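Below is one structure, written out as structure tokens; comments come after it.
The values are calculated or read from the model by the stated rules, or taken from the named source; none is laboratory data. Everything numeric here is computed off the predicted structure, so don't read it as measured data. Ideal geometry is used to build each Cβ from the backbone, glycine not excepted, and the neighbour counts take in all protein chains shown.
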Amino acid sequence: MKTSVDKLGETRVKLSVSVPFDELGREMDQAYTAIAQQVSIPGFRRGKAPHKLIDARFGRGPILEQVVNDMLPVRYEQAITENELNPIGQPEIEVTKIEDNDVVEFTAEVDVRPEIEVPDFSAISVTVPAISVDDEAVDSALEELRGRFGELKDTDAALEDGQFAVINITAEVEGEKIDDASTDGLTYKVGADDLIEGLDAALTGLKTGDTAEFTATLQRGEHKGEEAAIKVEVTQTKERVLPELDDDFAQLASEFDTVEELRESTKGRLEESLKAQQAASIRDEVLKAALEQTEFALPESIVEEQVHNRLHQVLGHMAHEENALAQFLEAQGTTREDFDKESRDLAEESVRTQLFLDAVAESEQPEVSQQELTDHILFTAQSYGMDPNQFVAQLQQSGQIANLFADVRRGKALAAAIARTTVQDDQGASIDPNEFFGDVDEDADQADLAEETNED
């Protein structure tokens, strides 16, 4: 087999392959066997007819077609390996020559991974927001917790922000009641501003038994965008009464005996949450800085594929109606041109990031254990709200296990690289990235050693 490679662009090549017939013996035998099994020739058992008789009866056309179909995937992969190419996506293959008993030639155009020079992460410095949990933040969290245990009680006071009202709403357009914009017995928090524009202003100052009328533009339903006459009736006014923040509440709302213990636990929980946010900030800032130092061309077909997938996904929610998409974009205050540009920008960012992380993974060469892959699969299944076994079955059916493996490998590689960077917060304090992105392999080894020791 002879091969040659022509560079069509920075990320695309044309592979030309020539396979002499004397290398196609296995494929020829397979083709004759397959056709012999499908036909019945008098005097011969099915599958036992000689090659010359099959040629005489059916011609060489079906044989050559079967041979080409069988040899293309194998010879393509062989040519890719021999030329040390790293293809991305599916190739465009064209059979250019079939000379019986002589040669089969084909070409394959395919995108390849660009050459990416990974920067020195030890020379990267980033700044992220500082972690600060003050008494006000703790008080706010405890107030939210008290709210979960609050009770609504009737009141005679005039309504104001933060109070609750049981209301009946009637909406009419040109004198006709709009059922999907009307309701009875709805408990509403004044100031929520999440139902009808103007409702909060109308309710403010009302008491039980009072009514108010106003006009508003309907935001949803069959009459979306139309002006409606709204009448609201207050049938009850209520206020939320919160429990006292004391030891009794601490025992009711948590596993702690005292309110001080609850406060300390709340502060610790807030700090852990902020640390998780800080870790995400470190990751994002380091990745951003590294990408800014790295220039490489993007495979156009891969970008176009992602752009197409996003459009297909959006249209899928609209029964693939282009007019529905146009109306949706108009309601969002944007245009199809802006949507297409945003889709391309997002696609380019996604492809650039993934290719770069693949290059980092090749540089770092992290090992992914079966447990790490399993943990990632379980986490992903949980995020989709799926049963893990069902999720794994779908992954196996669609051949996506390798993609999840690659995700874990990219994550480990980036973590190892981030651990070598310099990080400080916006208050000037140094942060050790190893606190968030330490040597996970070393941790795993220590865990395995501890387990072995316990077993002994």
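For every residue, the table says whether it meets (1) in the same structural domain as ALA130 (by TED's automatic domain parsing); (2) modelled with pLDDT of 95 or more; (3) within 19 Å of SER369 (Cβ to Cβ).
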| site | (1), (2), (3) |
| --- | --- |
| LEU414 | no, yes, yes |
| THR421 | no, yes, no |
| GLN424 | no, yes, no |
| SER430 | no, yes, no |
| PHE437 | no, no, yes |
| ASP441 | no, no, yes |
| ALA444 | no, no, yes |
| ALA447 | no, no, yes |
| ALA450 | no, no, yes |
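Please tell me if ASN309 is without any contact (Cβ under 8 Å) to a residue 12 or more places away in the chain and under 23 Å from VAL110 (Cα atoms).
yes
Look through GLY175, GLY191 and report the one residue that is within 38 Å of the chain's Cα centre (by Cα) and surrounded by fewer than 17 Cβ atoms within 10 Å (Cβ to Cβ). Spell out how you get there, then give the answer.
Working: GLY175 fails: within 38 Å of the chain's Cα centre (by Cα).
Residue meeting the stated conditions: GLY191.
Let me spell it out: the conditions are (1) part of a helix (DSSP H, G or I); (2) surrounded by 14 or more Cβ atoms within 10 Å (Cβ to Cβ), and VAL368 meets all of them except one. Which number is the exception?
(1)
Rundown of residues vs (1) outside any helix (DSSP H, G or I); (2) aliphatic (A, V, I, L, M); (3) under 46 Å from the mean Cα position of the chain (by Cα); (4) modelled with pLDDT under 90, yes/no style:
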| site | (1), (2), (3), (4) |
| --- | --- |
| ALA34 | no, yes, yes, yes |
| ILE41 | yes, yes, no, yes |
| LYS48 | yes, no, no, yes |
| ASP55 | no, no, no, yes |
| LEU85 | yes, yes, yes, no |
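Tell me, which residue of the stretch 324-339 that is closer than 20 Å to GLU226 by Cβ and not aliphatic (A, V, I, L, M) is surrounded by the fewest Cβ atoms within 10 Å (Cβ to Cβ)?
This residue is GLY333.
Yes/no per residue for (1) free of Cβ contacts under 8 Å to residues at least 40 places away in the same chain; (2) farther than 30 Å from VAL286 by Cβ; (3) in contact with a Leu (Cβ under 8 Å, 6 or more places away or on another chain):
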position: PRO87; (1), (2), (3): yes, no, no
position: VAL104; (1), (2), (3): no, yes, yes
position: ARG113; (1), (2), (3): no, no, yes
position: VAL118; (1), (2), (3): no, no, no
position: SER122; (1), (2), (3): no, no, no
position: PRO129; (1), (2), (3): no, no, no
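Residues in the stretch 226-261 that are closer than 30 Å to SER132 by Cα, over 36 Å from the mean Cα position of the chain (by Cα), surrounded by 14 or more Cβ atoms within 10 Å (Cβ to Cβ) and of a type outside the set (Phe, Trp, Tyr): how many?
8
Could you check how many residues of the stretch 277-296 are of a type outside the set (S, T, N, Q) and either touching a helix residue (DSSP H, G or I) at 6+ places or on another chain (Cβ under 6 Å) or surrounded by 14 or more Cβ atoms within 10 Å (Cβ to Cβ) (or both)?
Residues meeting the conditions: 10.
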